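Presented below is the structure to which this report refers.
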Ligand SMILES: [Zn+2]
Ligand SMILES: [Zn+2]
Ligand SMILES: [Zn+2]
């Protein structure tokens with residue numbers, strides 16, 4: 001399983017969002033989809049090979065922002081108000 005060395009932004013919600021893949025630490029395993037030794041014409045890749053990258057080998061925070069990351073922003077500012085509005089509408093019907 002290969003690992004990445006990344007640079008990213010640390011968000012106010014506590015998430016680290018990758019902005020740049022600096023380098024890859026190759027595991028050298030031909031049964032790893034991400035390795036340079038993996039056969040690009042691999043036939044039964046899903047059946048035989050590891051499809052996932054390992055945890056980042058090193059994460060370098062290049063920027064810190066107070067804003068939430070995209071997925072948290074979606075949840076807290078778009079999805080959650082919708083859920084609350086739906087709950088309020090339901091409560092008002094009773
Ligand atoms: Zn690998
Ligand atoms: Zn494969
Ligand atoms: Zn977040």
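The values are calculated or read from the model by the stated rules, or taken from the named source; none is laboratory data. Treat the numbers as computed from the prediction; the structure is a model and nothing was measured. Here the Cβ is made from the backbone with ideal geometry for all residues, glycine too, and neighbour counts use every protein chain on show.
One table, with the values for the structure above:
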quantity	calculated
Among (1) under 30 Å from residue 66 (Cα atoms); (2) surrounded by 17 or more Cβ atoms within 10 Å (Cβ to Cβ) - the single one residue 20 does not satisfy	(2)
Filter result for the condition that a residue is modelled with pLDDT of 95 or more and surrounded by 14 or more Cβ atoms within 10 Å (Cβ to Cβ), over 36, 29	29
Some residue of segment 68-89 being loosely packed, with under 10 Cβ neighbours inside 10 Å, modelled with pLDDT under 95 and away from ligand 3 (no atom under 14 Å from the Cβ)	no
Residue that is farthest from the chain's Cα centre (by Cα) [pool: residues in segment 43-57 that are more than 10 Å from ligand 1 (Cβ to nearest atom) and within 12 Å of residue 5 (Cβ to Cβ)]	57
Candidate set from segment 22-42 (those that are more than 8 Å from ligand 1 (Cβ to nearest atom) and in a strand (DSSP E or B)); member that is farthest from residue 72 (Cα to Cα)	25
Test: residue 61 is closer than 27 Å to residue 78 by Cβ, away from ligand 2 (no atom under 16 Å from the Cβ) and either touching a residue at least 12 places away in the same chain (Cβ under 8 Å) or assigned to a loop (DSSP other than H, G, I, E, B) (or both)	yes
Count of segment 9-42 residues which are under 14 Å from the mean Cα position of the chain (by Cα) and on the phi > 0 side of the Ramachandran plot	1
Residues satisfying the stated conditions in segment 7-39, i.e. within 16 Å of ligand 3 (Cβ to nearest atom) and touching a strand residue (DSSP E or B) at 6+ places or on another chain (Cβ under 7 Å)	8, 9, 10, 11, 16, 17, 18, 19
Filtered residues of segment 1-21 (kept if free of Cβ contacts under 8 Å to residues at least 24 places away in the same chain and in a loop (DSSP other than H, G, I, E, B))	14
Filtered residue count, segment 43-54, keeping only those that are touching a strand residue (DSSP E or B) at 6+ places or on another chain (Cβ under 8 Å) and either outside any strand (DSSP E or B) or within 16 Å of ligand 3 (Cβ to nearest atom) (or both)	3
